[in-house]
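Shown next, in structure tokens, is the structure this report addresses.
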Amino acid sequence: METTLGLGSIRLILVCGDITEQETEAIVNAANPGLMGGGGVDGAIHRKGGPDILNECKIIRKRYPDGLPAGQAVITTGGALKAKKVIHTVGPVWHGGNDKEPQLLADAYKNSLKVAIENGIKTISFPSISTGAYGYPVEKASVVALNAVIGFLEKFDGIEEVRFILHSSHDLAIYEWALTGIIRKAG
Ligand code: ADP
């Protein structure tokens, strides 16, 4: 099951699945500041993509000795993945909502899309950033994520397809609920 929303000629797709299996030109990694792999999406991407991704991450880390700050994004090869590129972004850790979490989460999505456009990438898949180990409630994160992506796509050209790959039917239902609310407000 999937939901598709047309935004002019851009397709926004919500679907349940595994981000490491996506065939978009880029997939986004919910990384941590160290960029050295970890659990969740990060672990799955490095396991399936192989060592080339980590090697490029190590080089990038030299530019960020204290780690990649939350909200920023960088790009590496996709290694052995179907996607040619991986865009690594760091979402905020949930501290209750008064620690700039919504702004940092929106930045993670927007800066990932910016890096995609700078690299000529037209199709991209996102996981639900921050809603796993980082503890961001998915009901809140879904609204921030979709508003950030839709707002960005309304402003900047170059992206043709954005896929949100939700890891459970529960998360998919929440993202569908969030999208319905956003469409209703816009109408
Ligand atoms: P964060 O540290 O940013 O919270 P996580 O990787 O812990 O990132 O989790 C983010 C979301 O990604 C969670 O909803 C988790 O269930 C989901 N997830 C885990 N593995 C995959 C995968 N292979 N494909 C898509 N989503 C995944």
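In the stretch 6-23, the qualifying residues are those that are open to solvent by 10 Å² or more (accessible area, probe 1.4 Å) and touching a Leu at 6+ places or on another chain (Cβ under 6 Å), and the one that is farthest from Thr76 (Cα to Cα) is Leu7. May I ask you to verify whether Ala26 is at pLDDT 95 or above and open to solvent by less than 30 Å² (accessible area, probe 1.4 Å)? Yes.
Per the listing Val74, Val90, the residue uniquely within 11 Å of the ligand (Cβ to nearest atom) and among the β-branched types (Val, Ile, Thr) is Val90. Only one entry in Ser142, Ser169 is hydroxyl-bearing (Ser, Thr, Tyr), within 14 Å of Gly91 (Cα to Cα) and more than 9 Å from the ligand (Cβ to nearest atom), namely Ser142.
For the stretch 21-46, the tally of residues that are in contact with a helix residue (DSSP H, G or I) (Cβ under 7 Å, 6 or more places away or on another chain), farther than 18 Å from Ala141 by Cβ and within 8 Å of the ligand (Cβ to nearest atom) stands at 2. The criterion of being open to solvent by 60 Å² or more (accessible area, probe 1.4 Å), away from the ligand (no atom under 16 Å from the Cβ), closer than 19 Å to Thr20 by Cβ and at pLDDT 95 or above holds for Lys85.
When the stretch 95-130 is limited to residues that are hydrophobic (A, V, I, L, M, F, W, C) and within 15 Å of the ligand (Cβ to nearest atom), the one that is most open to solvent (accessible area, probe 1.4 Å) turns out to be Leu104.
Listed conditions (1) open to solvent by less than 20 Å² (accessible area, probe 1.4 Å); (2) within 17 Å of Asp18 (Cβ to Cβ); (3) within 14 Å of the chain's Cα centre (by Cα) are all met by Pro92, apart from (2). Assess whether Ala178 counts as being at pLDDT 95 or above, more than 16 Å from Pro69 (Cα to Cα), in a loop (DSSP other than H, G, I, E, B) and within 16 Å of the ligand (Cβ to nearest atom). Judged against the criteria, Ala178 is not a match.
Taking Tyr109 as the residue in question, decide whether it is part of a loop (DSSP other than H, G, I, E, B) and among the aromatic types (Phe, Trp, Tyr). No.
Selection of the stretch 18-44 for residues being of a type in the set (A, V, I, L, M, F, W, C) and out of contact with any Pro (no Cβ under 9 Å at 6 or more places or on another chain) yields Ala26, Ala31, Leu35, Met36, Ala44.
The values are calculated or read from the model by the stated rules, or taken from the named source; none is laboratory data. Since the structure is predicted, the reported quantities are computational estimates derived from the model, not experimental observations. So basically every Cβ, Gly included, is an ideal-geometry build from the backbone, and we count neighbours across all protein chains shown. Just so you know, the surface numbers come from the protein's heavy atoms only, side chains and all, with ligands and any DNA or RNA stripped out. Shrake-Rupley method; radii C 1.70, N 1.55, O 1.52, S 1.80 Å.
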